[in-house]
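The values are calculated or read from the model by the stated rules, or taken from the named source; none is laboratory data. Small disclaimer: the values here were computed from a predicted structure and weren't measured. No Cβ is skipped: glycine too gets one built from the backbone with ideal geometry, and neighbour counts run over all protein chains shown. Quick note on the areas: whole protein, heavy atoms, side chains included, nothing else; ligands and nucleic acids left out. Shrake-Rupley method; radii C 1.70, N 1.55, O 1.52, S 1.80 Å.
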Amino acid sequence: MIPDDFGVEPASWAADLADLRAVREQVFVIEQQVPVEHEWDALDEKSRHVLARDRDGRPIGTGRLTPEHGIGRVAVLAEWRGKGVGEAIMRVLLEQARALHYPEIELHAQSHAVPFYAKLGFEPYGAEFDECGIAHRMMRRALEPFAGRDSAGLSPKPEARILVADDREQAFTATAELLADAKYEVAIYTRDLDAALFDVPATLDALKRVALSGRHAQIRIIVQDAKKPLADGHRLIALAQRLSSTIALRTPVDERDLQYPSAFLLNDRAGYLFRPLGNRLEGEGSTYAPGRHAQLRELFDQVWERSAPSEELRQLAF
């Protein structure tokens, strides 16, 4: 049984570099005497990273997923080994690889760690080789398609209907309709979690349904300022803490993202609700608009990658 005194979360290369460095230099450079010039490479800035943290938010483990379809730099501090941290890191990286539709994943396993990776479905191939003075084996694992979810698939495309929100009631109705149509994924870009829309029992129930819809469920929320919803006891924050494996919140780091004036909601059925001014509820959208949805999804994904877990939310979570 994996203990619950640590968590694994996506890491931002820009915002979490110090914590990534703290773990990797302790494990690889100091313990294993890997030359520091070999530890950091050009792939780091292009890769997706994760961090394991203890209850106090201290970094205890890390790993990365490279655009070359590889997992690497998996490291856990000595006092945390044997407690499930490495396995938890690997499972998060594998889920990210599936989400990117990677058909196969490879890694350079230190020879003593081959049994660990074998338990996760990796198979060794080729001869043993030396890397930075340490014996390694190549290992690989095929990944089941991300689209192979827990159901027979999505129903036919929704009817395309314009959504108009001129007041709170209409905004709430449009939000409820988009969430009711969502299957596995929701993305929300918001200034302060919009209590009138998202701190409402019906909305919370709809988000909980999506979060529990299957092992690939994912609700991602970008909140520009977490202080107000925290002070107000926003119930979506509590829900995210209970369902932290499927509901993730991040705060922008880049000033342009913090100053982004608008807010929007996306489901995984090409539906959206866009509010030009994030501090107001007026907006427009559609139950099915693939072009506009794709534009907003691309913007959301770019900001998500540049953002980091909120320090206030992180402290509350542990």
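For the reader, a short list of remarks on this structure follows.
- Partners for residue 119 among lysines (Cα-Cα distance below 29 Å; same-chain residues under 8 apart left out): 46, 83
- Total formal charge among the other residues, if their Cβ is under 12 angstrom from that of residue 108, Lys/Arg +1 and Asp/Glu -1: -2
- Angstrom value of the Kirkwood radius, inverse mean 1/r, which spans all Cα pairs in the chain: 20.9
- Applying the Karplus relation 6.51 cos²θ - 1.76 cosθ + 1.60 with θ = phi - 60° to the range 208-225 yields 3J(HN,Hα) values of 4, 4, 5, 4, 9, 6, x, 6, 9, 4, 7, 10, 10, 10, 9, 10, 5, 9 Hz, where x marks Gly and Pro.
- Residue 134 exposes around 30 Å² of accessible area when a 1.4 Å probe is run over every protein chain in place.
- Mean Cβ count within 10 Å, highest first, over the residues of peptides 227-233, 137-143: 137-143, 227-233
- Ranked by the mean number of other Cβ atoms within 10 Å of their residues, highest first, the peptides 35-41, 81-87 come out as 81-87, 35-41.
- Helix 85-99 axis, angle to the chain major axis (alpha carbon atoms, nearest 10°): 60
- Centroid-to-centroid separation of the range 201-227 and the range 103-144 [C-alpha atoms, Å]: 35
- Estimated [θ] at 222 nm from DSSP helical runs (n ≥ 4, -39500 (n - 2.57)) normalised by residues in the chain, nearest 500: -9500 deg cm²/dmol
- Between residue 254 and residue 134, the contour length at 0.36 nm per residue exceeds the Cα-Cα span by 39.3 nm.
- Peptides 110-123, 6-19 ordered by average Cβ neighbours within 10 Å, highest first: 6-19, 110-123
- Cα-based shape type of the range 171-318, given that a ≥ b ≥ c are square roots of the gyration tensor eigenvalues and the cut on a/c is 1.5: rounded
- Computed lengthening from residue 227 to residue 212, 0.36 nm per intervening residue step minus Cα-Cα distance: 2.7 nm
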